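Data block below; observations after.
The values are calculated or read from the model by the stated rules, or taken from the named source; none is laboratory data. Every value quoted in this text rests on a predicted model; they were computed, and no experiment measured them. Here the Cβ positions follow ideal geometry from the backbone for every residue, glycine too, while neighbour counts run over all protein chains shown.
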Amino acid sequence: MSLLKSISGIRGTIGGSVGENLTPVDIVKFTAAFATIITEGIASPRVVVGRDGRISGEMVQQLVMQTLVGLGIEVIDLGLSTTPTVEIAVPAEKAAGGIIITASHNPREWNALKLLNEKGEFIDAAVGARVLELAASQSFNFSTVEKLGKIISKDFLDLHVEAVLNYPLVKKEIISKKKLKVVVDAINSTGATYVPALLRVLGVEEIIVLNETVNGQFAHNPEPLPEHLRQLCEEVVRQGADLGIAVDPDVDRLCFVNEDGTLFGEEFTLVAVADYVLSQRKGNTVSNMSSTKALRELTLKWGGLYTPAAVGEVNVVKKMKDTQAVIGGEGNGGIIVPDFHYGRDALIGIALFLSHFAGQDKAMSGFRKNYPNYFISKNKIELPAGVNLDLLFDAIEKKYKKQPINREDGLRIEFDQDWVHLRASNTEPIVRIYAESDLETKANNIAQQLMRDIGELSLSRS
């Protein structure tokens, strides 16, 4: 059981002890702290709240909304929604901020509060530190009965879908002419509502939805990784579909499956979308340090500047703003289109990807051949109790001192054309080890060597 506090929000397992898990007491105090800070000085504050389809979602949302009411705040309740929809709704409603109730890709026993500022973007580290400090002190000032807030229910699905449809680079006519047959794995969450709604307005001819009951009883591990998508791959082939689409429970990540049941590769979701965007408008790109080098190569080909960022959406967004990037995101299938909104959004990602794919006379497997076959070995490891991660990384850096090293986010080591990135997860109590090479075996070997280094050096320091 865990409670994690990071740039990815307040995330934890439901039940258990206060302060060690995401209990009702923790939900109330973190909500109150966040709302107190973002509504400071606002006469009639408003906060947008939405949730994914998790089992605990309704319970958590009621606690969040009633806490906000108790603080005298007007709540815009989106109910079952998506992370990007809430992000869009915050500025549309002129709200002081937003709270998204979702643990994203984590298993069903987890939930979280994702916290947004008035722009519908994730709060930065400074505001996050203030939230944690105020939550610890519990110095809240709740409203009297005459000044309690209220809850207004709204549905932003149509507004979100219409905004995607009206985005200049989305080509509905081209997609419609392709007469696509698409299988969607909605992982028993709100993607079951939002993704088909988008595909219908884009003119997709036939849509088959797997795991479409929105009940949080995830049919498989909800992270859209290859080992979790066998059902989707098999159904694409069985249905004779043109492609498959998988999203995570809060619909900010996506990946695609080719017509032959092979994976397009979640790392290449951003690469393909960036290729399309850069072909239409020149500019720069950003992805996090754990993402494929293919984006950098593609950006240079189109005459732009590529900049790496620390892992975490808020870090990527900051670098995108700093470099005026026209497209960016993360290799986990998170697409950020800055003139749409500064947040990962599977819906705009789907529409841009299909606009690109439908404009070519190729099946998905042939379309995939437009891009290189790089392999990223994605691994994670739990550290022995008491190990100081910074000292451990210092020791690894010393061992590989002849290689180019980046310590901006954990530890990233360059090996000629290959790389490995080690960092503490923002969302789980683990260390992630990602390695990339042009050969799968080589990427795995690099990752395994660093995992051995971690094990050996951890023991020597424990």
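Considering only residues that are over 16 Å from LYS321 (Cβ atoms) and in contact with a Pro (Cβ under 9 Å, 6 or more places away or on another chain), which ones fall in the stretch 107-133?
PRO107, ARG108
With (1) modelled with pLDDT under 95; (2) out of contact with any Leu (no Cβ under 8 Å at 6 or more places or on another chain) as the list, and GLY128 as the residue in question, which single condition is left unmet?
Status for GLY128: all satisfied but (2).
Is there any pair with a first residue in the stretch 122-142 that is under 23 Å from VAL86 (Cβ atoms) and a second that is in a helix (DSSP H, G or I) and of a type in the set (Asp, Glu) whose Cβ atoms are under 6 Å apart and which are 6 or more apart or on different chains, and what are they?
PHE122/GLU313
Have a look at VAL184, VAL131 and point out the one that is in a strand (DSSP E or B) and surrounded by 12 or more Cβ atoms within 10 Å (Cβ to Cβ). It would help to see each step written out before you state the result.
Numbers: VAL131 fails: in a strand (DSSP E or B).
Every option except VAL184 fails the conditions.
Test VAL311 against the stated conditions and say whether it is in a loop (DSSP other than H, G, I, E, B) and buried (at least 24 other Cβ atoms within 10 Å of the Cβ).
Spelling it out, VAL311 is indeed in a loop (DSSP other than H, G, I, E, B) and buried (at least 24 other Cβ atoms within 10 Å of the Cβ).
Which one of these is under 15 Å from PRO308 (Cα atoms), at pLDDT 95 or above and in the same structural domain as LEU450 (by TED's automatic domain parsing): ILE336, ILE413?
Every option except ILE413 fails the conditions.
Could you please give the count of residues in the stretch 391-406 that are in contact with a helix residue (DSSP H, G or I) (Cβ under 7 Å, 6 or more places away or on another chain) and either closer than 16 Å to MET289 by Cβ or hydrophobic (A, V, I, L, M, F, W, C) (or both)?
5
Pick from the stretch 134-152 the residues that are small (Gly, Ala, Ser) and surrounded by 15 or more Cβ atoms within 10 Å (Cβ to Cβ): which of them is farthest from GLU313 (Cα to Cα)? Before you say what the answer is, go through the steps one by one.
Filtering the stretch 134-152 for residues small (Gly, Ala, Ser) gives 135-137, 139, 143, 149.
Filter again for surrounded by 15 or more Cβ atoms within 10 Å (Cβ to Cβ), leaving 135, 149.
Working: ALA135: 23, GLY149: 31 Å.
Among those residues, the one meeting the criterion is GLY149.
In the stretch 356-462, which helices (runs of 4 or more DSSP H) lie fully inside it and hold 1 or more residues that are closer than 30 Å to TRP302 by Cα and out of contact with any His (no Cβ under 8 Å at 6 or more places or on another chain)?
364-368, 440-461
Determine which single condition VAL209 fails, assuming it passes every other condition in (1) part of a strand (DSSP E or B); (2) in contact with a Phe, Trp or Tyr (Cβ under 8 Å, 6 or more places away or on another chain); (3) not basic (Lys, Arg).
(2)
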